[in-house]
Ligand SMILES: Nc1ncnc2c1ncn2[C@@H]1O[C@H](COP(=O)(O)OP(=O)(O)O)[C@@H](O)[C@H]1O
Ligand SMILES: [Mg+2]
C-alpha cells in the first residue's frame, strides 16, 4: 500500500496516474498498427510514466505479449547497451529465471546470465554479462531471442539519444537494420534531448531517418489534473480549493514532476486547510532541503555563468539573451561572454530552451535563485 498517492518517482498503477488518455491511445494505436514512435518532452514531464502506463494497459489487454522497458540513461557504450538491453529482454521474455539459467548456453550464446535478487521486490532476476567481449555478437543474440520467442513484443528504449554518444559509431545503423527486420516487435524511442532525437530521426543522413512517428508531450490538462488531485484530498477528508491548485499549476506551468512534488508535500502536511500559505511553506521546505545541492551547483560555475542563471531566473523566460536591454538590466558583460556561458549551461541542462524563451530547467532551482534564500 502506498501512503502518499502523489508519486514523485516511478509508476505504480492507473490509480496513481493522471489522465494522458489521448496520449496513451495515440501511442497504442500507432504501435498496434505497425508504426514505431519517437516520444519527446522536457525532462520530468512524464514520458517514462506514460510508457510504463501504456505497457501496464497493454499487458492487461494482451497478456500473451511481452513489454520490455530499457532505460539507456546510464549507458555509455555498445557494451553497456548490450547488457542493459539483453537483461531487459531476458527478464521479460523468460518467466522462469531458473530455466533461463539452465538453458542459457543454448538460448543466448555470448551472454553470461547470472541470477540476482531484485533489491526492491526480493524477486529473482537475471542480469547478463558479455562473454568474450564480442558485443555485436551478443546483441545479435538478444535480437534473435526476441524473434524466436514468437511473442508480440513492445519495446521502449528510454533516453535513446544516449546511443549517439557511444564511442562506437555503428550502433545506430546496426539497430536500425535489426529493428527493421524484426516483425514481432514494436518500438518506442524516447528521450528528453529533443534536438538530438530530431536530428536522429529527421536527418536524411541518419539511419533512423523518417522511420518513426514523432510525438511530443506537454503538460497534463489543468482540469484533469485538478480532478485527479482533489480526489485524493477528499479521501483524506480535506478540500483542495480550485484556486489554490490553479496557482500551483500556473506557477510550474503544469510541469508534471513539480506539481507532483508540491501535491505530495501538501498531502503529507497535517494542516487541515489547504491555502496559498500552506503551499508556500511546502515549497520552501523543498527549496531548503535542496539548498546544499543548489549551492554546490552554483559553485560549479564561473561568476559570469552564475550571473546569467540568476538573470534568467529573475525574468522567468527570456526570448533574446543577447538583447541589449536584458544585458543592461542585469548588468551582464559582453554579448560574447553571455553566448559562451549559455552554450555551457544549455549543454549541462541547467538552462532549457522552450518555445517561448530560455528558462532555468529545474523550476525549483529557478525559484531558489529568484528568492535568494
Ligand atoms: N500522468 C501522471 N500522473 C501522475 N504522475 C505522473 C504522471 N506522469 C508522470 N508522473 C510523475 O512525474 C514524475 C516525472 O515523470 P517521468 O515520467 O519520470 O518524466 P520524464 O520521463 O519525462 O522525465 C514522475 O515522478 C512520475 O511519477
Ligand atoms: Mg524519463
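The values are calculated or read from the model by the stated rules, or taken from the named source; none is laboratory data. These numbers come from a predicted model, not from an experiment. Heads up, the Cβs are rebuilt from the backbone with ideal geometry, glycines too, and the neighbour counts pull from every protein chain shown.
Among the listed residues 151, 125, 83, 102, which satisfies the condition of being in a loop (DSSP other than H, G, I, E, B) and either more than 27 Å from residue 19 (Cβ to Cβ) or modelled with pLDDT under 80 (or both)? Selected residue: 151, the only one of 151, 125, 83, 102 that is in a loop (DSSP other than H, G, I, E, B) and either more than 27 Å from residue 19 (Cβ to Cβ) or modelled with pLDDT under 80 (or both). Among the residues of segment 16-35, write down those that are surrounded by 10 or more Cβ atoms within 10 Å (Cβ to Cβ) and more than 18 Å from residue 217 (Cα to Cα). Within segment 16-35, 16, 32 qualify. Report yes if some residue within segment 300-308 is closer than 30 Å to residue 244 by Cβ and in a helix (DSSP H, G or I); otherwise report no. Within segment 300-308, none of the residues are closer than 30 Å to residue 244 by Cβ and in a helix (DSSP H, G or I). I'd like to know if segment 5-26 contains one or more residues that are away from ligand 2 (no atom under 16 Å from the Cβ) and in contact with a strand residue (DSSP E or B) (Cβ under 8 Å, 6 or more places away or on another chain). The answer is yes; a qualifying residue exists. Can you tell me how many residues within segment 156-178 are crowded, with 20+ Cβ neighbours inside 10 Å and farther than 19 Å from residue 29 by Cα? Residues in segment 156-178 being crowded, with 20+ Cβ neighbours inside 10 Å and farther than 19 Å from residue 29 by Cα: 8 in total. Go through segment 51-66 and give me each residue that's in contact (Cβ under 8 Å) with a residue 12 or more places away in the chain, closer than 20 Å to residue 37 by Cα and away from ligand 1 (no atom under 16 Å from the Cβ). Listed by number, the residues that qualify are 58, 62, 65, 66.
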